[in-house]
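Written out below as structure tokens is the structure these notes cover.
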């Protein structure tokens, strides 16, 4: 993301490069125009100094340089500048762009100290070359003061830019969270609407059909078509029960307020208790999960208990929600949902073969497997005739989803 202050920083860096290059060119031009015994050494040292500076500037454009190479580069520039300062007094002008490099690379304390040292060095060098003068003392000192003020302003701008970038990132993250929350709320609202529509249309229609058929059965119990009427009434009753199950699945029981563990306990105390199965919930309090994951796990648990009620002939079931260590990486966690019953069990392979051959319309296990796959998890169904069933769902979760809690069992 490009920050609005980026052109300012680019302009400051470009100006520094131009000033440094122009001052080196001035030193070379002075040495050529007014030749002396050190002209060759001045030109050669100036070229090397400019090449080293250009190499560092090019490396900085490719990415933020590491600290040790940057300090080595700055030390090399300082040594070359000192060598050039010994050869010609005009090299003292180069101390001005060097001030900014010291302030930038040496930090809040080291930068000003280095600026003071090289300022004194430039003043002494000018005195050695041409004697003491007001300009030779005041000039470097004024340049150092200006450089320090500009450096402080640059640092303040950089801090402001970083703070604004952090705030923008937080705003974008908040916007994404709000959008996700709105999508989740919209999905929940749509499911609630579907539940109401199904209840007001299909469920009511099946209930009316069931009542009418029951009345017809009572009106003529010995009629020639009574067997068909009874079968139609029983079919309508079964379809009504299935429709009501769909309605319950479309209406999550207060996940927002109670969380997954609370919603499971509520189902165990109300709906599942009336279905004739004693369901125990073992789950930690405070497991923070995204709403789609909580909803999917709740649906999986509802589907598993529905299968237990309809097919297993079980008297007791246990739903366990636990956080496990998933691997050696620090903070890595695995969420495991386990549903165990003491019913008659079944052969999972036989059910899979029957479904593949079209000999059964069972949808429960397939829907559970699809939900688990959508969450990127794994599903294990361990069962056999006569020894009950164990269904295990494993999901990888972020570290923040793992919260400490004490497992509680609720009948």
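The values are calculated or read from the model by the stated rules, or taken from the named source; none is laboratory data. If you're wondering where the values come from, they're calculated on a predicted model, not measured in any experiment. All Cβ positions, glycine included, derive from the backbone under ideal geometry; neighbour counts span all protein chains shown.
The figures follow:
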read-out: Single match in 121, 76 (criterion: over 28 Å from residue 11 (Cα atoms) and touching a helix residue (DSSP H, G or I) at 6+ places or on another chain (Cβ under 8 Å)); value: 121
read-out: Answer residue from the range 216-268, given it is more than 19 Å from residue 286 (Cβ to Cβ) and part of a loop (DSSP other than H, G, I, E, B) and is modelled with the lowest pLDDT among those; value: 251
read-out: Residue in the range 45-70 that is modelled with the highest pLDDT, counting only those that are surrounded by 12 or more Cβ atoms within 10 Å (Cβ to Cβ) and within 35 Å of the chain's Cα centre (by Cα); value: 70
read-out: Residues satisfying the stated conditions in the range 380-411, i.e. in contact with a strand residue (DSSP E or B) (Cβ under 6 Å, 6 or more places away or on another chain), at pLDDT 75 or above and more than 16 Å from residue 324 (Cα to Cα); value: 380, 381, 382, 383, 388, 389, 390, 391
read-out: Hey, residue 19 in contact (Cβ under 8 Å) with a residue 12 or more places away in the chain and exposed (fewer than 15 other Cβ atoms within 10 Å of the Cβ) or not; value: no
read-out: Selected residue (criterion: surrounded by the most Cβ atoms within 10 Å (Cβ to Cβ)) from residues of the range 300-310 that are closer than 12 Å to residue 337 by Cα and in contact (Cβ under 8 Å) with a residue 60 or more places away in the chain; value: 304
read-out: Meets criteria (in a helix (DSSP H, G or I), touching a residue at least 12 places away in the same chain (Cβ under 8 Å) and within 30 Å of residue 290 (Cα to Cα)) for residue 213; value: no
read-out: Hey, residue 110 touching a helix residue (DSSP H, G or I) at 6+ places or on another chain (Cβ under 8 Å), surrounded by fewer than 14 Cβ atoms within 10 Å (Cβ to Cβ), in a helix (DSSP H, G or I) and free of Cβ contacts under 8 Å to residues at least 24 places away in the same chain or not; value: yes
read-out: Residue in the range 37-44 that is buried (at least 19 other Cβ atoms within 10 Å of the Cβ) and under 21 Å from residue 24 (Cα atoms) present; value: yes
read-out: Filtered residues of the range 274-292 (kept if modelled with pLDDT under 85, surrounded by fewer than 19 Cβ atoms within 10 Å (Cβ to Cβ) and in contact with a helix residue (DSSP H, G or I) (Cβ under 9 Å, 6 or more places away or on another chain)); value: 275, 276, 284, 285, 286, 288, 290, 291, 292
read-out: Within the range 311-323, considering residues that are touching a helix residue (DSSP H, G or I) at 6+ places or on another chain (Cβ under 9 Å) and outside any strand (DSSP E or B), the one surrounded by the fewest Cβ atoms within 10 Å (Cβ to Cβ); value: 311
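A quick yes/no check of all residues on (1) assigned to a helix (DSSP H, G or I); (2) assigned by TED's automatic domain parsing to the domain that holds residue 81; (3) surrounded by 13 or more Cβ atoms within 10 Å (Cβ to Cβ); (4) in contact (Cβ under 8 Å) with a residue 40 or more places away in the chain:
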residue: 99; (1), (2), (3), (4): yes, yes, yes, yes
residue: 115; (1), (2), (3), (4): yes, yes, yes, no
residue: 119; (1), (2), (3), (4): yes, yes, yes, no
residue: 122; (1), (2), (3), (4): yes, yes, yes, no
residue: 127; (1), (2), (3), (4): yes, yes, yes, no
residue: 138; (1), (2), (3), (4): yes, no, no, no
residue: 149; (1), (2), (3), (4): yes, no, no, no
residue: 167; (1), (2), (3), (4): yes, no, no, no
residue: 172; (1), (2), (3), (4): yes, no, no, no
